[in-house]
1. When you check GLU340 against the structure, is it part of a helix (DSSP H, G or I), outside the structural domain of ASP119 (by TED's automatic domain parsing) and farther than 19 Å from ASP117 by Cα, yes or no?
2. Go through (1) in a loop (DSSP other than H, G, I, E, B); (2) under 17 Å from the mean Cα position of the chain (by Cα) for ALA173 and report which single condition fails.
3. Provide a single number: the residues in segment 92-142 that are without any contact (Cβ under 8 Å) to a residue 60 or more places away in the chain and among the charged types (D, E, K, R).
4. Looking at segment 29-52 only, could you name the residues that are under 22 Å from the mean Cα position of the chain (by Cα) and β-branched (Val, Ile, Thr)?
5. Does segment 399-438 hold any residues that are among the aliphatic types (A, V, I, L, M), in contact with a Gly (Cβ under 6 Å, 6 or more places away or on another chain) and crowded, with 21+ Cβ neighbours inside 10 Å, and which are they?
6. If you check every pair at least six apart or on different chains, which have Cβ atoms under 8 Å apart with a residue in segment 388-412 that is farther than 21 Å from LEU174 by Cβ first and a residue that is part of a strand (DSSP E or B) and polar (S, T, N, Q) second?
7. For segment 316-331, give me each residue that is surrounded by 15 or more Cβ atoms within 10 Å (Cβ to Cβ) and either among the β-branched types (Val, Ile, Thr) or assigned to a helix (DSSP H, G or I) (or both).
Amino acid sequence: MGRAEDEVVTLTSELIQIDSQNTGDLATTTGEAEAAAYVDAKLREVGYETEVIESGAPGRHNVFARLEGADPSRPALLVHGHLDVVPFDESEWSVHPLSGSVQDGYVWGRGAVDMKDMDAMILALARQFKAEGTVPPRDLVFAFLADEEAGGAYGSHWLAEHRPDLFDGCTEALGEVGGFSLTLGEDVRVYPVMTAEKSIAWMKLRVRSRPGHGSMVHDENAVTILAEAVARLGRHRFPLVLTESVQGFFDEITELTGIEFPTDSAAALDGAVAKLGGVARVVGATTRDTANPTMLQAGYKANVIPSLAEATVDCRVLPGRQEAFERELDELLGPDVEREWIRNLEAVETAFDGELVDVITRAVKDEDPQAHTLPYMMSGGTDAKAFVKLGMRCFGFAPLRLPPGLDFTALFHGIDERVPVDALQFGTRVLERILLRA
């Protein structure tokens, strides 16, 4: 067992024990400063010259280190992870979310799969390479980032705008979310490579109308008008649209398993996707745009009909669909509903090809001869959205070989989040192969 493989479990556990919850509100967010200080100390301990950057708000710390490669003429590879995690309700967990407990073959706690496990793999390998004098084929830029769980305004997007020099020479990036194995049959395991993401598009809806007394007949009630529009939107099914990444995923699954994915019927396609098990909830969301109402605000007294009602909607739009999506929104909402984008990060997609994809495929096959890689689209978003703006091709691959019965996608932001110990060690070996061949 190499140095990195030997210490990755400890690093994961210790990172989980650092409270870096991100509520999305600067007033209540713990911040990443303590986690960044931990990473910075671990990197400096083996000889790195690091840079710690506060990205637009107090406590939102990021850590950067560069390892020079053998060929300075080659473009650099960015290897990135985020240090923040989503909040939790301790009472819902069987193991304390900040325990980092190692038990029953798992490391438990918030961030175990999103994404302090990958942070630990990156950190362990960066330490091993420096301590042992390993020289990769090209420069590696290691980045540990803030604020991903709230869209990266105080993390990757701030850095891309204000400190693009940190990414000098980087033409490709490797981060989350992909690489976790899906067992689809006897000796059929696939390791998806994230090549695309839907947009993150948060929308505020408003209806302004005449106020009135709650005891009287009122035909222009802002709450009623908004509620009807929100219900139409929430029940609406947007059309099927298969991008290159999604079609590539379906084609490969069909070749491996024989499952057909008909595109002439939404119901038939949804039925085929359901056969994929736990990952179906993710894959199903990548076949169409979605718009889910999440918040409602109106009124200030029980007997007063308010003049303003508002709703917040979480929209996720496929690559190339933004204009068509907005036209459909306008038809659904009608003329009485104002809409405003309060956060709109565009969808991204790159082709499933190139030397890095080939290296990923060879690396995972070397550790798991039954492995198959294939492209897929993430229904959410990552820091890749910021790095695409700097001209990078972005891939998500945090390798883990998982037990067939583990509903892994349910653990993202879920209760009793945990990662298998042997999967962490497997992932470290695979990632080492990738970084020393890429």
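1. Details: part of a helix (DSSP H, G or I): no; outside the structural domain of ASP119 (by TED's automatic domain parsing): yes; farther than 19 Å from ASP117 by Cα: yes.
So GLU340 does not fit the description; no.
2. Checking ALA173 against (1) in a loop (DSSP other than H, G, I, E, B); (2) under 17 Å from the mean Cα position of the chain (by Cα), the one that fails is (1).
3. As a first pass, look at segment 92-142 and keep what is without any contact (Cβ under 8 Å) to a residue 60 or more places away in the chain: 96, 103-104, 133.
Filter once more, so that each one left must be among the charged types (D, E, K, R): 104.
Number satisfying all stated conditions: 1.
4. If the condition is that a residue be under 22 Å from the mean Cα position of the chain (by Cα) and β-branched (Val, Ile, Thr), then THR29, THR30, VAL39 are the ones that fit.
5. LEU400
6. Taking only residues 6 or more apart or on different chains, the pairs are PRO404/THR183.
7. Within segment 316-331, VAL317, GLN322, ALA324, PHE325, GLU326, GLU328, LEU329 qualify.
Rundown of residues vs (1) at pLDDT 95 or above; (2) outside the structural domain of ASP147 (by TED's automatic domain parsing); (3) hydrophobic (A, V, I, L, M, F, W, C); (4) touching a Cys at 6+ places or on another chain (Cβ under 8 Å), yes/no style:
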| position | (1), (2), (3), (4) |
| --- | --- |
| LEU11 | yes, no, yes, no |
| ALA27 | no, no, yes, no |
| LYS42 | yes, no, no, no |
| GLY47 | yes, no, no, no |
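The values are calculated or read from the model by the stated rules, or taken from the named source; none is laboratory data. Here the structure is a predicted model, which means the values were calculated and not measured. For neighbour counting, all protein chains shown are included, and Cβ atoms are generated from backbone atoms with ideal geometry for every residue, glycine included.
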